[in-house]
Structures are given as C-alpha cells and as structure tokens.
Amino acid sequence: MSIRYLDKDFAITSQVAPEAVPGLRDEGVATIICNRPDGEGGDQPAFAAVAEQAARCGVETHYLPVVPGKITPRDVEAFAALFADAPKPVLAYCRTGLRAETLWQLSAGLRNGAAGSANQET
C-alpha cells in the first residue's frame, strides 16, 4: 500500500487492510474514507472490518462507495461534506486510489468555495 498526499490534509491509497490501520494511525491519519463498494473484489476485506479496527485505534471512518466510471454529482457533494467535517488528515481509498483521487479533484470547487465562504464570514 503506497500513500500519496494530494494536499497536506488529504491522501489516497489502494485498498486498506484492517491490520494496516494501527500503522496509519501512527503515521497521523485521523480519518479514513472508503470509496470502494464491498464485494468488488474477492480478496477485499469488508469495510466493516476496516471500520472496526479503526474504531479501536481512534480513527474516524466513512463509507462512500462509488462505482468506477459512474461518479455522480451527489457522490462529489457527499465527499466534499465528509472531507469538510472530518478530522485531518484524511486518507481515502478504493482499489487503486483513482476513484478517491477523482472525487478529490471533482470536489475542488465545493471545497474551495466552502473555504472561501468561511473566510469571508470571519
């Protein structure tokens, strides 16, 4: 599993295994977002197993599965909202990391708009 930071508060990776969660916590990951539907691959651990281990480690988790090539505006909005409210840094994963990266890129306007609105209010 190779982690790639796209921002100081956001990174992507391939499938996270439950046994990897303590190490991720030790590296500072505060939130994990799963963008991979359960059952997509035969050797894939269920999100519930990752979430259970994360809860034991004090890492927040969210399940936002998306189908490859079928990311909807609703998926993008949900991702932006999850990221905005999540403890940072956030690590998102899917099979290869591409869907997580795509959600990050597609949500840029929503994330930047939210940051801009917050800055204007202060």
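A few comments on the model shown:
- Ellipticity estimate at 222 nm from DSSP helix runs (n ≥ 4, -39,500 (n - 2.57)) divided over the chain, nearest 500: -13000 deg cm²/dmol
- Taking the range 10-35 and a reference point 7 angstrom along Cα→Cβ of Gln44, the backbone N atoms nearer than 19 Å belong to 12-21, 32-35.
- Which label in (i) 7.5; (ii) 8.3; (iii) 6.9 gives the computed mean projected area of the Cα convex hull in nm²: (i)
- Gain on full stretching of the segment that runs from Ala30 to Ala17 - 0.36 nm per residue minus C-alpha separation: 3.1 nm
- Legend: ranking of residues Lys8, Lys88 from fewest to most surrounding C-beta atoms inside 10 Å; resulting order Lys8, Lys88.
- The value of relative contact order for the chain, using C-alpha pairs under 8 Å at least six residues apart, is 34 percent.
- When the chain is treated as a Gaussian network with alpha carbon springs shorter than 10 Å, the biggest mean-square fluctuation among Arg99, Arg111, Arg74 belongs to Arg74.
- Tilt relative to the chain, helix 47-57 - C-alpha long axis, 0 to 90 degrees, to 10: 80 degrees
- Arranged from fewest to most other beta-carbon atoms within 10 Å of their beta carbon, Asp26, Asp43, Asp75, Asp38 become Asp43, Asp26, Asp38, Asp75.
- Per-residue Cβ neighbour counts within 10 Å put Ser14, Ser107, Ser2 in the sequence Ser2, Ser14, Ser107, beginning with the fewest.
Just so you know, all these numbers are worked out from the coordinates, no wet-lab data involved. Computed from a predicted model, the values in this text were never measured in an experiment. FYI the Cβ positions are ideal-geometry reconstructions off the backbone, even for glycines, and counts take in every protein chain you see.
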